[in-house]
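Before any comments, here is the structure.
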Amino acid sequence: MTKQMDFDVLVIGAGPGGYHAAIRAAQLGLKVACAEREYLGGVCLNVGCIPTKAMLHAGEQIAAARHAADFGLTFGEQNLNIAKLNGWKDGIVKKLTGGVGALFKANKVTHLIGEASFVDPHTVKVGDKTYTASNFIIATGSEPAKLPGLEVDQQVIVDSTGALVMPDPVPARMLCVGGGVIGFEFSHVYNNMGSKVKVIEFLPNIIPGADADAVREFGKIMKKQGIEIATETKANRAEKKSDGVHVELENVKTGEKTTEVFDRVLVAVGRRPRTDGLNIQATGATVTDRGFVPANTRQQTNVPHIYSIGDVAGNPMLAHKAMKEGLVAAEVIAGKPAEQDAVAIPGVVYTSPELAWVGLTEAEAKEKGYEVKTGVFPMSASGRAMTLQATDGFVKMVVEKDTDLLLGVHIVAPHASDLLGEAGLALEMAATASDIALTIHAHPTLGEAVLEAAEAVHKQAIHIMNR
Amino acid sequence: MTKQMDFDVLVIGAGPGGYHAAIRAAQLGLKVACAEREYLGGVCLNVGCIPTKAMLHAGEQIAAARHAADFGLTFGEQNLNIAKLNGWKDGIVKKLTGGVGALFKANKVTHLIGEASFVDPHTVKVGDKTYTASNFIIATGSEPAKLPGLEVDQQVIVDSTGALVMPDPVPARMLCVGGGVIGFEFSHVYNNMGSKVKVIEFLPNIIPGADADAVREFGKIMKKQGIEIATETKANRAEKKSDGVHVELENVKTGEKTTEVFDRVLVAVGRRPRTDGLNIQATGATVTDRGFVPANTRQQTNVPHIYSIGDVAGNPMLAHKAMKEGLVAAEVIAGKPAEQDAVAIPGVVYTSPELAWVGLTEAEAKEKGYEVKTGVFPMSASGRAMTLQATDGFVKMVVEKDTDLLLGVHIVAPHASDLLGEAGLALEMAATASDIALTIHAHPTLGEAVLEAAEAVHKQAIHIMNR
Amino acid sequence: PAPATRADGRVLAVPAARQLARELGIDLAQVQGSGPNGRIRVQDVTAHGQGGGEQASAPQQQAPTQTQA
Ligand SMILES: Cc1cc2nc3c(=O)[nH]c(=O)nc-3n(C[C@H](O)[C@H](O)[C@H](O)COP(=O)(O)OP(=O)(O)OC[C@H]3O[C@@H](n4cnc5c(N)ncnc54)[C@H](O)[C@@H]3O)c2cc1C
Ligand SMILES: Cc1cc2nc3c(=O)[nH]c(=O)nc-3n(C[C@H](O)[C@H](O)[C@H](O)COP(=O)(O)OP(=O)(O)OC[C@H]3O[C@@H](n4cnc5c(N)ncnc54)[C@H](O)[C@@H]3O)c2cc1C
């Protein structure tokens, strides 16, 4: 690497992609800086993955206390101190973002505070200083997409960041515009905390990208828990009045319009890549019309010393994809033979039960020309699920017919995200359904449902009849 | 198989080993009977795995309600209806054992009610009828070991079966004699329900068989939760008096004796194989002095048409081992190339956090001559664990130094049993730590701690400093 | 040479490969594994069977068409 440069690598953005890249590059002996204009940990730690999971846990504990009556445990009146709830969540965020700062220090990553803007392909400006580097990693992430007619004020009309602050009192009526992962996580939180929640989705199905059977099961369970779901529905406009926000909803098939009143409206209609202020043109790196900065499997843009990772590099916009890409970029820069060669990137909706999947859906597998067989095992037949009072859902396995090769695993179950570990490793190791079926799974565990789904592929599940 | 026989296979005992064997044999087209003298589902469903997990869940919900105050959720007075608790647990057991009955019917397994006793190598007597079969599978399980001086009355001095019925009121002072898996599961339940619990263990360490570091961490956490633990201690005798059971305890190193008073004493000092009434001598099958009926990896005893599976066949006495052996025996009888060739049999203590492991402990690996490296990742550095209010514990990975081959995984963490799925599959697939480290794990999940432990093996964990 | 066999006698093979070897009557210790550390995969057993190293005693399974990614 060129001697005169200030850094071997300068990472722009300290989200999960950026901080993984910076730390790994430092571990590999490179001189590293990471510029961040807002907060260490990016969207994920500050206003994404982590605070939502804290809120989800709190909501689930409220539900759990209610269900405890089933086994004879009851409580006098319940009180939720909302200031304390928000503070607890903020405390977790602070601990984790502080942790990133400490890791930067310990790994000798220079933390540059401020917005980075390219001056030329080897120079950025951060605040009023300029820095040169042999390599740059663009990790500037994404931001919520906007919806015309529903202007976010972060009080009554909120995006995911505003929704993270629970108002006091909890809103009685809540509309979630967008039936994707983020929309459902918030809907689940607000529903458990006492809001009457309605989710609307423009497309015919919620949770786009997930397996159709899994989505059907998931939707059924969310409805059973009290969430109203309207697909093929859009929100045209919202008007704030004294009795609440009046939202005009339209059935996109019939064109029928109705107006409903809510106390809080969440706009969760997707995210878009963020490169504003970056002056990326100064580098010559390509930006697509949708604003992404695409990269090859070594995370290089068309300008080889400029790397792009995470949400800004492309879909799926998920933290663990950003992390993987961050590690790959750092290792490639350090001369290691790294590549983003993942067979599959898992997805999770952290509701209760969770919806989690990795690999191909049944429909995707068929589209790709695979002849498939499937195996399904219902959680209602799991002893462990019964003892956890959580028997909704199933494990579905999609397998290539001739070779028995695992193609995808789709789980609606308590702790589904924990069960993904096995499924993900199985896919990466090119495992077959037999490999899973022949592996002893501890009893009684939720993982036995994964085993039984693999057995069901061969029509040899034990705890259900195989058809 | 001989034509004149009543059955192709006659299974003795309908525990998890027996009912798996019977159902798989039927799936493979054999004519099957299963004799059971007490209850479908055996120890596991009736007085073992399942009811304990129900009680553990109930206890954990009590603890969770207390911890909810951390995020601002508080409750008025709490009431535990103990009759309802016991009834709820019994309901789950009934549903599952009823399920086994239904599966027998659907798979056309003939259920013979009564104690089976061999008449000759091809004939058993059940009640006053005799049946012949081409093959027999002995799946008669095990029963609690007794401790001289502490006679079980199932009221104040109980074994695991008596301990499953929670008395009303919950005993104020409880002694658990035996610091193994079963002892700790009950201690955890009683502790969460309000008992002051003391565990005594004869050996220098609790949870024999588990990794020493994991056991140390686990013991620390149990103590923090309020359980008193005394190792190298035995109970000599118990005397029931009006103010409770007076138990003489002895420090086995110093010989020092003290007497302490308890309201309930649980004797959980292990289990022994059960062949009484079976008249196994009539078959010529070997029985060891400790009462086991040993089998080869095809589950055959020295008499080839007589198979032995589960607890009665040998240690470890675990339901999932029994199930695997049941499937193997059934498949071998059906002429399939099955073998009990498991690389590792997982173990779990279903407390909160759970202690779960699969494969070799560090000490075992070294004993076997492996040069090992290890990687440890603490749950306190896991974002997901923070949101679950459960940051105690760690994931430890034991790996062969030169080859990076995974040898064992030891987990003290919430949902540790769910994380075992990945670890177990990895061992069976002969995976390396790199295979796990290179696999994308969803964020934020507890499984990331498994990933990070694998990275730590290579001194490349992201969220801790690597030494 | 059979590098998949370890000093402690364990043969490094995935569960489905072990099953297939039993089905075909093939001694895993004779199979050359193609994975890391000589780990034996299903296709290694199939290839060994077809290579005539051992006489297959049962109908052979279809070889997986897709190799490890
Ligand atoms: C509510 C919500 C919940 C989510 N839950 C999950 C989940 O459970 N699991 C999951 O996998 N994903 C989840 N996501 C998505 C996840 O947050 C993103 O995929 C992830 O944060 C992307 O990481 P990143 O490093 O690419 O970018 P980001 O996290 O967006 O970080 C980019 C960083 O770059 C900084 N930056 C931008 N431009 C500049 C500049 N010019 N100079 C300096 N700094 C700059 C920003 O301030 C920001 O800190 C969630 C998202 C939301 C909104
Ligand atoms: C409190 C407790 C908790 C446990 N928790 C777990 C756990 O979480 N996970 C785990 O893996 N293991 C656990 N175990 C161990 C597990 O229960 C046993 O390993 C398992 O039940 C063994 O299965 P089996 O089929 O070999 O025998 P068993 O379950 O013991 O069943 C044997 C059956 O045979 C019947 N029988 C015996 N003799 C005859 C005869 N002559 N004629 C007819 N019928 C006969 C008996 O009535 C019985 O139903 C636990 C055990 C206890 C006591």
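The values are calculated or read from the model by the stated rules, or taken from the named source; none is laboratory data. All values derive from a computational prediction rather than experimental measurement. Ideal geometry is used to build each Cβ from the backbone, glycine not excepted, and the neighbour counts take in all protein chains shown. Keep in mind that these areas ignore ligands, DNA and RNA; they rest on the heavy atoms of the full protein, side chains included. Shrake-Rupley method; radii C 1.70, N 1.55, O 1.52, S 1.80 Å.
Quick notes on this one:
- Residue match in segment A:222-234 (condition: in contact (Cβ under 8 Å) with a residue 12 or more places away in the chain, in a loop (DSSP other than H, G, I, E, B), among the hydroxyl-bearing types (Ser, Thr, Tyr) and open to solvent by less than 40 Å² (accessible area, probe 1.4 Å)): no
- The set of residues in segment B:86-102 that are out of contact with any strand residue (DSSP E or B) (no Cβ under 8 Å at 6 or more places or on another chain) and in contact (Cβ under 8 Å) with a residue 60 or more places away in the chain comprises B:Asn86, B:Lys89, B:Val100.
- Candidates A:His458, A:His415, A:His441, filtered to the one that is over 25 Å from C:Ile40 (Cβ atoms) and not small (Gly, Ala, Ser): A:His415
- Residue list for segment B:118-152, filter: polar (S, T, N, Q) and in a loop (DSSP other than H, G, I, E, B): B:Thr140
- When residues of segment A:21-51 are limited to those that are open to solvent by 10 Å² or more (accessible area, probe 1.4 Å), near ligand 1 (Cβ under 9 Å from one of its atoms) and facing chain B (nearest Cβ under 10 Å), the one farthest from the chain's Cα centre (by Cα): A:Gly48
- Considering only residues in segment B:251-272 that are part of a loop (DSSP other than H, G, I, E, B) and among the hydrophobic types (A, V, I, L, M, F, W, C), the one that is nearest to ligand 2 (Cβ to nearest atom) turns out to be B:Ala268.
- Qualifying residue in segment A:68-89 (condition: within 16 Å of ligand 1 (Cβ to nearest atom) and over 14 Å from A:Leu164 (Cβ atoms)): no
- Being open to solvent by 20 Å² or more (accessible area, probe 1.4 Å) and at negative phi is not true of B:Asn192.
- Odd one out for A:Ala163, checked against (1) away from ligand 1 (no atom under 11 Å from the Cβ); (2) touching a strand residue (DSSP E or B) at 6+ places or on another chain (Cβ under 8 Å): (1)
- Selection count where residues are surrounded by 15 or more Cβ atoms within 10 Å (Cβ to Cβ) and facing chain A (nearest Cβ under 8 Å), scope segment B:52-93: 23
- Within segment A:290-306, the presence of at least one residue that is touching a Gly at 6+ places or on another chain (Cβ under 7 Å) and free of Cβ contacts under 8 Å to residues at least 40 places away in the same chain is confirmed.
- Here B:Lys105 clears all of (1) touching a strand residue (DSSP E or B) at 6+ places or on another chain (Cβ under 6 Å); (2) surrounded by fewer than 17 Cβ atoms within 10 Å (Cβ to Cβ); (3) closer than 26 Å to B:Met323 by Cβ except the condition numbered (1).
- Hits in segment A:311-351 - residues which are among the polar types (S, T, N, Q) and more than 12 Å from chain B (Cβ to nearest Cβ): A:Asn315, A:Thr351
- Strands (runs of 3 or more DSSP E) enclosed by segment B:273-387 - at least 3 residues per element that are at pLDDT 95 or above and open to solvent by 10 Å² or more (accessible area, probe 1.4 Å): B:354-359, B:372-378
- Qualifying helices (runs of 4 or more DSSP H) (wholly inside segment B:409-467; at least 2 residues being open to solvent by less than 10 Å² (accessible area, probe 1.4 Å), more than 8 Å from every other protein chain (Cβ to nearest Cβ) and modelled with pLDDT of 95 or more): B:416-428, B:448-457
- Residues in segment A:108-150 that are in contact (Cβ under 8 Å) with a residue 24 or more places away in the chain and open to solvent by 50 Å² or more (accessible area, probe 1.4 Å): A:Lys108, A:Thr110, A:His111, A:Ile113, A:Glu115, A:Val119, A:Asp120, A:His122, A:Lys146.
- The residues of segment B:235-262 that are open to solvent by less than 30 Å² (accessible area, probe 1.4 Å), within 29 Å of B:Leu355 (Cβ to Cβ) and not aliphatic (A, V, I, L, M) amount to a single one, B:Phe262.
- Hits in segment B:151-172 - residues which are under 15 Å from B:Asp263 (Cβ atoms) and surrounded by 16 or more Cβ atoms within 10 Å (Cβ to Cβ): B:Val156, B:Ile157, B:Val158, B:Gly162, B:Ala163, B:Val165, B:Met166, B:Val170, B:Pro171
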